[in-house]
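Beneath this line is the structure, given in structure tokens, with notes to follow.
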Amino acid sequence: MLFEQLSQQGQLYPELAEIRTANPAVVNGQFDQALAANPAAVQFAAEAEAWLSHFEAAAPAARALAVAYPGRREFTGKASALYRSLAAYDPRNTEIAVSISAREQSANPREAGILARMGDILADRELFTRARVYWERMPATQPGNPEAYLDAATVYWDYYRYNDALRWIATARKQFDDPTRFAWQAGGQWYRTADDTWRIDMTDAPTRKVAGYWQRLVDQDLVRVEPVDSQQWRAHLRSGETVGYMAGAWAAGAWAADGWGETVGAGREGETAGRQAGVAWRTT
């Protein structure tokens, strides 16, 4: 909004000229000196030049900010994006973009998305062998989170590396001792279109594996099968006899509106509003 407002008022170029005059180190590319004297001036120059689509002029100042403040993702993300874009004209900028993102990742070691982006930057130039180095590190950022494995699989899938995607799904299944995890992502498909009609099929191999998994839990009396929101369903949750409920994300809001927030999920380990629909785990 600031630069748009300055531009509409005819003040953007005069303001930028004043910044340059007052901070010659910005003009001369002496960004260490400029940052020590006035980091706000460096930021204004970088963002103003970028807003004016002067990307070559904006990039060095943006890079200096990213190096000085690697924990500030608004600096590192913008600088990396600028050099990634400029790499279309000068391939050397690919290395700069990756190096900036590496600083960002060091400051945010649990952010798998940064590693995904580093690989993407290299994949822009079809440097897939090098890209894999970063993509392979994604699950390790949060080894206890199954979504981290799915994120890695998704990146590979997007680049048509299907075997690698399935490899990470298989790794997650082994890691979390759940042979049915990510059945849909691994190929389970309940509906499709063919010959201008809908085809419904819930008997494919991945779906049967999922059904078998849940049937074993039912047989072992580890889950309850009862109507959602019924009196007995609510009673089991309130008493702590049920430790988890799978529901849509909307369920948490509905529970809060019903005044359940302090009763369910507070004070009893394992009680959560869950993720999909209609299954509750029994305590043992």
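On a full-extension model of 0.36 nm per residue, what is the gain between residue 17 and residue 231, subtracting their alpha-carbon distance, rounded to one decimal in nm?
Numbers: separation 214, 0.36 × 214 = 77.04 nm, distance 7.11 nm.
Extra length available between residue 17 and residue 231 comes to 69.9 nm.
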Worksheet item: How far apart, in nm, are two points set 7 Å out from the Cα along the Cα-to-Cβ line at residue 174 and at residue 195?
Response: 4.2 nm
Worksheet item: Which order results if 159, 245 are arranged by neighbouring Cβ count within 10 Å, fewest first?
Response: 159, 245
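Give me 198, 233, 135, 214 sorted ascending by neighbouring Cβ count inside 10 Å, so fewest comes first. Don't jump to the answer; show the numbers that get you there.
Numbers: 198 8, 233 17, 135 26, 214 14.
By the 10 Å Cβ count, ascending: 198, 214, 233, 135.
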Worksheet item: Most exposed first by the Cβ proxy, i.e. fewest other Cβ within 10 Å, how do 196, 32 rank?
Response: 196, 32
Response to the item:
Log10 I(q)/I(0) at q = 0.12, 0.24 Å⁻¹ for segment 93-155, from Debye over equal alpha-carbon scatterers, is -0.26, -0.95
Worksheet item: What residues of segment 139-168 lie in the reach of a label at residue 205, counting those whose backbone N is under 18 Å from a point 7 Å from the Cα along Cα→Cβ?
Response: 162-168
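Within 12 Å, Cβ to Cβ, of residue 152, how many net charges do the neighbouring residues add up to if Lys/Arg are +1 and Asp/Glu are -1? Mind showing how you got there, number by number?
On the way: positive: 132, 137, 161, 167; negative: 136, 147, 151, 158, 164.
Net local charge, residue 152 excluded: -1.
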Worksheet, complete the sentence: The ³J(HN,Hα) series, computed from each phi in segment 14-21 with the Karplus coefficients 6.51, -1.76 and 1.60 at θ = phi - 60°, rounded to the nearest Hz and given as x for glycine or proline, is x, 5, 5, 5, 5, 4, 5, 5
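Only the coordinates and a few stated rules stand behind these numbers; no lab work does. What you see is a predicted model; the values in this text were computed from it and never measured. FYI the Cβ positions are ideal-geometry reconstructions off the backbone, even for glycines, and counts take in every protein chain you see.
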